[in-house]
Amino acid sequence: MHSLQFRPMAQHDNGYKNLFSHPQMVRDLLVGFVHEPWVAELDWNTLEKVSGSYVTDDLRDREDDIVWRVRFNERWLYVYLLLEFQSSVNEFMAVRLLTYLGLLYQDIIKQKMFTPSGRLPPVLPLVLYNGVRRWNAAQEISALIEVPPGRLQDYTPHLKYLLLDEGAIDESAPLALQNLTAALFRLEKSRTPTDMVQAVAALVDWLQAPEQTSVRRAFAVWIRRVLLPSRLPKTELPEVGDLLEMKTMLAETVMDWTQQWLQQGLETGRQAEASRLLERQLTKRFGPLPPTVRTRLAQAAVEQLEDWAERILDATSLDAVFTQDTQ
């Protein structure tokens, strides 16, 4: 069926990759958020993970792909899922996917995994994005290419990917629907510790079977190492090895953490607003900013941003705004 690939930041990347290494997560992602009639015809009993290591012609290995496939009308369907958790939107994501799908098809050709008619199997390219800003990049590669004259248009490549912009997804369906991916999205967008406790409690109820031990552990690890540190960066967190332990810990500490959580939210919101304002001021004064400067602004404390903002008044170049920090 499908080939999935992810691209997050360190712990976030690994945590999501670990979760979507479980077939139940993949199934719930497609059933809950890919609203296409053919999804109902997939044979979930055949869902399997295959090699995600592709070797390009210059022998560079790609080890960050996860590939799944599932039977569909007597043939395999591949889905390529790319997790995009960068702070900014990748304008040329369609080009990246064109490269990745080319590598996937090369691998399929080498293994002679053709359809009964001798053709290559279909692939669904799917991008899962969880950035703060809404995704606005072109989803069709031809939209990135200047329109050529005459019949040259016949040779323009075409590739469209399916986008799941997590911030724009409505995952508010009742928890009774028992969709693991919806629960994951709800956890990521939880506004209070109470919201998190409710989502974790639902997961504990759903994942009681012995064969679900691994996915329970994956959720517990992701919450402990990714979600909670993003909400409470200055809080010492105990090691938790299971979702039931996580539920108990959250229930016991929810009142203590609520005030910390709210304060962190206020500080983060203030930083984000200050960063965006300073980015606009610098761009207006010195022109488009390099990615390194935008990253520096996004990571700086509010006090540092305020200091840089004062320097804009006298600085004659972009470098001059930041020079004093390296002296």
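The values are calculated or read from the model by the stated rules, or taken from the named source; none is laboratory data. This is a predicted model, so every value here is computed, not measured. No Cβ is skipped: glycine too gets one built from the backbone with ideal geometry, and neighbour counts run over all protein chains shown.
In the range 128-169, of all residues being among the charged types (D, E, K, R) and within 16 Å of the chain's Cα centre (by Cα), the one that is nearest to ALA298 (Cα to Cα) corresponds to ARG133.
Taking the criterion of being farther than 30 Å from ARG296 by Cβ and outside any loop (DSSP other than H, G, I, E, B), the residues of the range 81-116 that qualify are LEU81, LEU98, LEU101, GLY102, LEU103, LEU104, TYR105, GLN106, ASP107, ILE108, ILE109, LYS110. For the range 184-228, which positions are of a type in the set (Gly, Ala, Ser), crowded, with 20+ Cβ neighbours inside 10 Å and either in the same structural domain as TYR129 (by TED's automatic domain parsing) or within 12 Å of LEU19 (Cα to Cα) (or both)? Within the range 184-228, ALA218, ALA220 meet the criteria. Evaluation of ARG119 against the conditions (1) in a strand (DSSP E or B); (2) closer than 25 Å to GLN106 by Cβ shows that the sole unmet condition is (1). Check GLN281 against each of (1) modelled with pLDDT under 80; (2) under 23 Å from the mean Cα position of the chain (by Cα) and name the one condition it does not meet. (2) is the only condition that GLN281 fails. Residues in the range 115-140 that are farther than 19 Å from SER88 by Cα and surrounded by 12 or more Cβ atoms within 10 Å (Cβ to Cβ): THR115, LEU120, PRO121, PRO122, VAL123, LEU124, PRO125. GLU146 meets all of the listed conditions (1) farther than 30 Å from PHE72 by Cβ; (2) touching a residue at least 40 places away in the same chain (Cβ under 8 Å); (3) part of a loop (DSSP other than H, G, I, E, B) but one, namely (2).
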